[in-house]
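The values are calculated or read from the model by the stated rules, or taken from the named source; none is laboratory data. This structure is a prediction, so every number in the text was calculated from the model and none was measured. Using ideal geometry, Cβ is built from the backbone for each residue, glycine included, and neighbour counts are taken over all protein chains shown. For accessibility, only protein heavy atoms count, side chains too; no ligands or nucleic acids. Shrake-Rupley method; radii C 1.70, N 1.55, O 1.52, S 1.80 Å.
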Amino acid sequence: MWGGRFAAGPSAIMREINASIPFDKVLWRQDIAASKAHVGMLEAQGIVLARDARAIADGLDTIAAEYATNGVPENWDLEDIHMVTEDRLTQLIGPVAGRLHTARSRNDQVATDFRLWVRDTIDSIDLSLAALQEALVERAEEHAATIMPGFTHLQTAQPVTLGHHFMAYHEMIRRDRSRFADARARMNECPLGSAALAGTGFPIDRDRTAAALGFDRPTDNSLDAVSDRDFALDFLSCATQCALHLSRLAEEFVLWASQPFGFVTLPDALSTGSSIMPQKKNPDAAELVRGHSGRIVGCLTALMVTMKGLPLAYSKDMQDDKPPVFEAASLLALSVAAMTGMVAQSSFRASRMREAAEAGYATATDLADWLVREAGIPFREAHHITGAAVRLAEERGVALDQLTIEDLTDIDPRIDSRVYQALSIDASVAARTSHGGTAPDQVRARVRDARKALRLEESR
């Protein structure tokens, strides 16, 4: 490739450290598409003869078919996907293949290919996240009135519904999709034509190649275009946030599936057994999703550290930009698929969740609210009175609504028998009617909103 400048070839160590074909071969579809757009523009601009452009385009189609059938050959001497493809094109059509590289460099070539790959990946992830949202919405509607304990500090706090819990994760995934969409819009500029770093003296039409590849516009600065990896960092940042959400959901399933909780029976297809304990059914898929989140965080950190001190324009360090992106994308796709299956296929034990909600004095706040609302007591005083009632119930080993009216009036004479209307977990849940609250009607309203939004997004 550069025999005119170098008298000797690279050492074995240089050959090994320099080659990126083992991982950048996944860019072959994007590399073929960008090359075809480039040669089409060269022909339109009269830079390459029509017959040569047709030969190049036909050769690229042949190579694409070969790659699709047999995979990309890993020739380390040719370093990367760009040179492997160019070498094969030369074998097919001869020296005219060399005209393809007119007015471009591997610097703008890889920047374009990588953007195309990330853009395609965002589109794929968005579809899978939409499927996860749909699963969450389906289960939320099914369990809009299924009562469970809500927790803070993993201590029973107030009763909520399982549907409300699922819709909380729907909101997280909705934000994740929004972040990916923002990243996609920001990155949708085409570097092709920036050449090595300074642009080119050939009369190219960058708007034409940008449009042919589905970009909104060409990039405005050639130095920035070939050295920018913000789009990869944006992708990894979005993937990291999404992975954190999936990890939290996975942790819920791990806890709920344990015997002390007993809220859920996980699908066999997403569980494993033990090599020694026949009774075990381990939530390994959820645990691996939880573990994958740490690796995805590491991918973001790795690329940030790689990019932090690079001068303009291209440096060979940037060859290491792709492995963390490829790894994170693969891990995230697996994690989304696993949690979609977990949500859709798990069986929930409503009776056990209700029992747990009834056991933890979850309606204490409802007693305090009743004292404020019905007896006109300031909330801080009502909080103190309620605390005394909880202490008495603990001493007696009963639920709050099992205390007698005499027990309650001994604590404070302003309490009357109407208080029992507020002390059941059903009444507690039904009372939370504020927008976004856990009342079943509110959950169903949010489900309707979500269904409408998902249909709108799917029709775009």
Any residue at all in region 179-201 that is touching a residue at least 24 places away in the same chain (Cβ under 8 Å), under 22 Å from Leu136 (Cα atoms) and either open to solvent by 70 Å² or more (accessible area, probe 1.4 Å) or part of a strand (DSSP E or B) (or both)? yes
Can you name every one of the helices (runs of 4 or more DSSP H) wholly within region 205-293 that holds 1 or more residues which are of a type in the set (D, E, K, R), surrounded by fewer than 16 Cβ atoms within 10 Å (Cβ to Cβ) and touching a strand residue (DSSP E or B) at 6+ places or on another chain (Cβ under 8 Å)? 206-212
Go over the candidates Ala168, Ala140, Ala145 one by one and state the one that is modelled with pLDDT of 95 or more, crowded, with 24+ Cβ neighbours inside 10 Å and either of a type in the set (Asp, Glu) or closer than 30 Å to Ala364 by Cα (or both). Ala140
Checking Arg104 against (1) part of a helix (DSSP H, G or I); (2) under 40 Å from the mean Cα position of the chain (by Cα), which test does it fail? (1)
Out of curiosity, is Arg119 surrounded by fewer than 21 Cβ atoms within 10 Å (Cβ to Cβ), touching a residue at least 60 places away in the same chain (Cβ under 8 Å) and among the basic types (Lys, Arg)? yes
With the condition kept exactly as written, say whether any residue in region 340-361 is closer than 30 Å to Leu233 by Cα, open to solvent by less than 30 Å² (accessible area, probe 1.4 Å) and of a type in the set (A, V, I, L, M, F, W, C). yes
Where residues in region 434-460 are in a loop (DSSP other than H, G, I, E, B) and surrounded by 12 or more Cβ atoms within 10 Å (Cβ to Cβ), which of them is farthest from the chain's Cα centre (by Cα)? Ala439
Hits in region 87-125 - residues which are of a type in the set (Ser, Thr, Tyr) and in contact with a Pro (Cβ under 7 Å, 6 or more places away or on another chain): Thr112
Take Ile385 and tell me if it is β-branched (Val, Ile, Thr), touching a helix residue (DSSP H, G or I) at 6+ places or on another chain (Cβ under 8 Å) and part of a helix (DSSP H, G or I). yes
Criterion violated by Gln155 - all others in (1) in contact (Cβ under 8 Å) with a residue 60 or more places away in the chain; (2) in contact with a helix residue (DSSP H, G or I) (Cβ under 9 Å, 6 or more places away or on another chain) satisfied: (2)
Residues within region 148-165 that are small (Gly, Ala, Ser) and either open to solvent by 60 Å² or more (accessible area, probe 1.4 Å) or touching a Gly at 6+ places or on another chain (Cβ under 6 Å) (or both), tallied: 1
Only residues that are open to solvent by 100 Å² or more (accessible area, probe 1.4 Å) and not polar (S, T, N, Q): list them for region 376-407, please. Arg380, His383, His384, Arg391, Glu394, Glu395, Arg396, Glu406
Do the conditions hold for Ile415, that is, is it more than 32 Å from the chain's Cα centre (by Cα), over 30 Å from Val137 (Cβ atoms), in a loop (DSSP other than H, G, I, E, B) and among the β-branched types (Val, Ile, Thr)? yes
Given the criterion at pLDDT 90 or above and under 45 Å from the mean Cα position of the chain (by Cα), identify the matching residue among Thr404, Thr340, Thr409, Thr365. Thr340
Do we find that Glu394 is within 25 Å of Glu141 (Cα to Cα), modelled with pLDDT under 95 and in a helix (DSSP H, G or I) in this structure? no
Flagged in region 433-452 as farther than 13 Å from Glu171 by Cα and hydrophobic (A, V, I, L, M, F, W, C), in numbering order, are Ala439, Ala445
